[in-house]
Structure formats: structure tokens, C-alpha cells
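Every read-out reported here was derived from the displayed coordinates using simple, explicitly stated rules and does not represent laboratory data. The structure displayed is predicted, hence computed values, not measured ones. Note that we place each Cβ from the backbone using ideal geometry, even for glycine, and neighbour counts take in every protein chain shown.
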Amino acid sequence: MGTNWLIEIISLIYSKGDPKWTQSVPIWERSPWLETMQGYKSLKDKEGQRLVTSHLPSHLFPKSVFKSKAKVIYLLRNPRDVLVSGYFFWTITNLVKKPESLEQYFEWFIQGKVVFGSWFDHVRGWISMQGKENFLILSYEELKQDTRNAVQKLCQFLGKKLEPEELNSVLENSSFPVMKENKMSNYTMLPGSILDHNHGSFMRKGISGDWKNYFTVAQAEVFDKIFQEKAADLPQELFPWE
């Protein structure tokens, strides 16, 4: 949900709060996924300003972006919530091998044996761009805690100015309840061959800290230990959940 929420917010920033675009064009067409065949083809043929979405680790991303003036927004999220969100997503997709249980997916995740690899390596790779004027790090938790302030930060980074009523419209139309009902953003338009809508919803809860409802005490302790070890060399101010 985090990445798609960000796409929705940025779409609305560019349309100055007017929801016509977000209500008429699928989210994957507004900001195509670079690592998909359809997304790559769409981006390759587009000219001028483009929105691009990706979950790729930095070492697999096109090297040209690191030498360009393209603006990059890196969205971080508590890896515990990433784990739980990922588990529920992969259990309703038909794209990869499905985990048989949360326990199994927990083991895959802490070993980095999941799509797009280790969370820790992913963060470590991308934050090497920290300090560049065309790179912004934002956390899902920051977005949830103070969405208005986070949207204003995004506007400043993107060089966009919104009037108060336009900002209010961005906030309203990118809210979880509105997105959940918007077929252009909730992925219900995807065929059952990709997403099994009978066994779950792509947009589940849109909250922080949901991992506490699923981790056992033992899993929480194991994850804490791994986090302390693997994130020891990363800037701790990036992790508002710790």
C-alpha cells in the first residue's frame, strides 16, 4: 500500500488536487512499474515528463538515473510491516511461489529470500544517494502520522505549489477509504489470473504497526535481534518506528 499511496499522492499533486486523472486512469498507467514488461514498454515510448514506479534494488536499477537530474523519492517502511504486508500480497497473487504460512514467509524474509531481496540491502543501496538534491527519503510512518506535512514536503521537493483547497483535495482523494473504493487505484481491475480477488484484498488496512497483530513474541524477539545487527551501520534517524 505504501508505494501505491505515494503514487496516488503524487498523481494528485501534479493534477493540483483534481481527482479526474486518478479516477479515470489506472494507477499502473499513471506511474508504470519499470520492472514489468508492460510498464517498461509504456515508459520507453513516453516522451517528456514521466512518473516511474519501482521496487528494484539500486544495483538493478538503470545506472543512467544516478547521473541524471531525475527526482527520486525513496519510501521506507518498518520492515516488520513490510513482511506482513508482503505475506498477504503474495498469498493472493499468481506471480510467484506462494508462502504456505506466515511462519514460512517470516523465514524467507529474514533470510532475504523474497522478491527484490533483503530489506536491509535494499535500504543500504538506495540511501547511498542521501544528500543529493534530487533524492528524498520519506517513511510510511511519517506519511501516516502527519500526511499534510509530508505532502507539503513532497510539493517542495517536486517544485509544485498547491493552494490550500488543492492541498485539501490531495489529502481527501488520497485517503485510504477513497483509494479503497477507487477501482483505478485498488487493483480490482486486474484479472484473476494475476490477483485472486476471492481470497483477499490488495488494499487491506493502510495502517502502521499491524505486524503486532501477527508476530509471535518469539518472532518479535528474533526480528529485533536481526534488525539491531543488520541495521547497526544505517542512520537510525531514518527509522521513526524504532
Between Met129 and Val222, 0.36 nm times their residue separation minus their Cα-Cα distance comes to what?
30.5 nm
Computed over the range 9-88, the ratio Rg/Rh where both radii use C-alpha atoms and Rh is Kirkwood
0.99
Tell me, rounded to the nearest percent, the portion of alpha carbon pairs in the range 46-138 spaced more than 15 Å apart.
65 percent
Each label sits 7 Å from Cα toward the beta-carbon; between Tyr40 and Glu237 the label points are separated, in nm, by 3.8 nm
The chain: C-alpha gyration tensor shape, a/c 1.5 cut-off, then a/b vs b/c
rounded
Report relative contact order for the chain in percent, whole number only (criteria: Cα-Cα under 8 Å, sequence separation at least 6).
30 percent
Which residue, chosen from Thr22, Pro177, Ala150, occupies the Cα position most advanced towards the positive end of the dipole of the chain, where the dipole is computed from +1 (Lys, Arg) and -1 (Asp, Glu) charges on Cβ about the Cα centre?
Thr22
Distant-in-sequence amide H partners of Leu76 (H built 1.01 Å from N, under 5 Å)
Leu138, Ser139, Tyr140
Cβ-derived FRET efficiency at R0 35 Å, Glu172 paired with Glu103, nearest 0.05
0.35
